[in-house]
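Asker: Below is one structure. I have some questions about it.
The values are calculated or read from the model by the stated rules, or taken from the named source; none is laboratory data. Computed from a prediction, not measured in an experiment: that's the story for all the values here. All Cβ positions, even for glycine, are placed from backbone atoms using ideal geometry, and neighbour counts span all protein chains on display. Side chains included, ligands, DNA and RNA excluded: accessible areas come from the protein's heavy atoms. Shrake-Rupley method; radii C 1.70, N 1.55, O 1.52, S 1.80 Å.
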Amino acid sequence: MARRIVIITGANSGIGKAAAHRFAKEGHTLVMACRSPERSRPVLEEVITGSMNDRVELMKLDMSSFESIRTFCQSFRNKYKRLDVLIHNAGYFEHGSPYKLSENGIELTFATNVAGPYLLTMELLDLMKQSDDARVLMAGSNIIKHFFNPKLKINFSNLQGENPDDPKYRVYDYYRDSKMALLMVTKRMAEKFSNDGIAVNMLQINGATMSNETIAKLTPGYRFAARIQNLFFRPPEFMANHYYDICVSEKFRGITGELINHKQEIIQKAEDKPGGKEQLIQVATASRCPVYAYNREVQDRVWDLCEEFVSRES
Ligand SMILES: NC(=O)c1ccc[n+]([C@@H]2O[C@H](COP(=O)([O-])OP(=O)(O)OC[C@H]3O[C@@H](n4cnc5c(N)ncnc54)[C@H](OP(=O)(O)O)[C@@H]3O)[C@@H](O)[C@H]2O)c1
């Protein structure tokens, strides 16, 4: 495939950084969209040196801030007339942290992981329409397996500071909900952009070793769990290579609206009421997606909420 123009959010660390190395080594034009220029500059230099590719640059982007997203898009637009690949890799998962609102008054997990990717994609839509094969990829998580429990629903009741002192608040739960909401956004975008030839998919990440910096953002109990998980997880390069293939390879040309697993298989809709054993198999093999993801009413609600959030701030 010809050289692509690529944006990776959160490209300074973990899977995003490994993906930056891969895209740069393959000779593509890359924008590393990161919130801290200070912490990200050494990574940029590492990527350029390692790839001998000088078409790699760093641009500031805070995915939790609508203003930052709009400023980023303006800077990108001033320089590039087309976008081929947009990878929403950045994610907020500071497990154990207290309830926080973004500067736009949205619960921080939802702001960073759902509303941010929604706005960034919408703002860059016209540039993706200029591509012959634009592909958007969302970083998903196997945490959505919790939705095999038919009683579980996304909690919409505390996304705007309604109950900041809720003693039951857990970033973990909001992270789980945010990845399900992002999957719904993925499916809706795929439908809406199908006539424009823009593909939108999600990779279900089932673990990647976390850096010490990432683990340090967690509270001590979660840190311990993350260190144990790290013993079993593959290095970030494993998932980064899936980012690459899904966004560049012929195999995925024309595929859209799909949840894709760590074996590069399309994850199918689960049975409506899977039994315990079947559910276990689905979780273990990452072969089925909870039916909740296909609920049109909830998809509408997530979409409308994103639209409402970003439009009232413009
Ligand atoms: N590792 C796993 O086991 C696992 C499992 C399932 C899903 N995932 C998903 O994989 C993706 C990458 O995670 P990772 O494991 O590679 O962790 P990571 O190394 O901590 O990477 C997360 C990236 O997101 C960035 N980020 C967070 N908030 C941001 C914001 N407001 N604006 C811009 N960037 C922001 C971080 O930037 P800073 O360095 O500035 O904080 C960092 O670059 C995430 O979406 C995560 O949810 C990971």
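Asker: Quick check on my filter: what residues within the stretch 20-42 are of a type outside the set (Lys, Arg), near the ligand (Cβ under 9 Å from one of its atoms) and not in a loop (DSSP other than H, G, I, E, B)?
Answerer: Ala33, Cys34, Ser40
Asker: Also: Given the residues Ile15, Ile48, which is the only one that is buried (at least 23 other Cβ atoms within 10 Å of the Cβ) and not in a strand (DSSP E or B)?
Answerer: The unique qualifying residue is Ile15.
Asker: Would it be correct to say that Ser65 is within 13 Å of the ligand (Cβ to nearest atom), closer than 28 Å to Lys129 by Cβ, open to solvent by less than 70 Å² (accessible area, probe 1.4 Å) and hydroxyl-bearing (Ser, Thr, Tyr)?
Answerer: Judged against the criteria, Ser65 is a match.
Asker: Which of the residues that make up the stretch 173-208 are open to solvent by 40 Å² or more (accessible area, probe 1.4 Å), part of a loop (DSSP other than H, G, I, E, B) and either under 14 Å from Gly14 (Cβ atoms) or not polar (S, T, N, Q) (or both)?
Answerer: If the condition is that a residue be open to solvent by 40 Å² or more (accessible area, probe 1.4 Å), part of a loop (DSSP other than H, G, I, E, B) and either under 14 Å from Gly14 (Cβ atoms) or not polar (S, T, N, Q) (or both), then Gly197 is the only one that fits.
Asker: Among the residues of the stretch 111-130, is there at least one that is in contact (Cβ under 8 Å) with a residue 60 or more places away in the chain, open to solvent by less than 10 Å² (accessible area, probe 1.4 Å), in a helix (DSSP H, G or I) and over 22 Å from Val310 (Cα atoms)?
Answerer: no
Asker: Among the residues of the stretch 224-234, what is the count of those that are within 11 Å of the ligand (Cβ to nearest atom), part of a loop (DSSP other than H, G, I, E, B) and either open to solvent by less than 70 Å² (accessible area, probe 1.4 Å) or among the hydrophobic types (A, V, I, L, M, F, W, C) (or both)?
Answerer: The total comes to 2.
Asker: Quick check: is even one residue across the stretch 104-114 more than 20 Å from the chain's Cα centre (by Cα) and either aromatic (Phe, Trp, Tyr) or at pLDDT 95 or above (or both)?
Answerer: Checking the stretch 104-114: at least one residue is more than 20 Å from the chain's Cα centre (by Cα) and either aromatic (Phe, Trp, Tyr) or at pLDDT 95 or above (or both).
Asker: For the stretch 286-298, indicate whether the set of residues that are in contact with a Leu (Cβ under 6 Å, 6 or more places away or on another chain) and either free of Cβ contacts under 8 Å to residues at least 60 places away in the same chain or surrounded by fewer than 21 Cβ atoms within 10 Å (Cβ to Cβ) (or both) is non-empty.
Answerer: no
Asker: Check off (1) among the charged types (D, E, K, R); (2) surrounded by 18 or more Cβ atoms within 10 Å (Cβ to Cβ); (3) over 30 Å from Gly27 (Cα atoms) for Glu258 and give me the number that stays unchecked.
Answerer: (3)
Asker: Report whether or not Glu213 is within 12 Å of the ligand (Cβ to nearest atom), surrounded by fewer than 20 Cβ atoms within 10 Å (Cβ to Cβ) and under 12 Å from Ala19 (Cβ atoms).
Answerer: For Glu213, the condition - within 12 Å of the ligand (Cβ to nearest atom), surrounded by fewer than 20 Cβ atoms within 10 Å (Cβ to Cβ) and under 12 Å from Ala19 (Cβ atoms) - is not met.
Asker: Quick one: which of Arg77, Arg82, Arg70 is open to solvent by 20 Å² or more (accessible area, probe 1.4 Å), assigned to a loop (DSSP other than H, G, I, E, B), basic (Lys, Arg) and under 20 Å from Gln130 (Cβ atoms)?
Answerer: Arg82
Asker: Taking Gly221 and the conditions (1) touching a helix residue (DSSP H, G or I) at 6+ places or on another chain (Cβ under 6 Å); (2) assigned to a helix (DSSP H, G or I), which numbered condition does it fall short on, given that it satisfies the others?
Answerer: Going through (1) touching a helix residue (DSSP H, G or I) at 6+ places or on another chain (Cβ under 6 Å); (2) assigned to a helix (DSSP H, G or I) one by one, Gly221 breaks only (1).
Asker: Same structure, new question: Would you mind finding the one in Glu94, Glu103 that is charged (D, E, K, R), within 13 Å of the ligand (Cβ to nearest atom), touching a residue at least 60 places away in the same chain (Cβ under 8 Å) and within 22 Å of Asp166 (Cα to Cα)?
Answerer: Answer to the check: Glu94.
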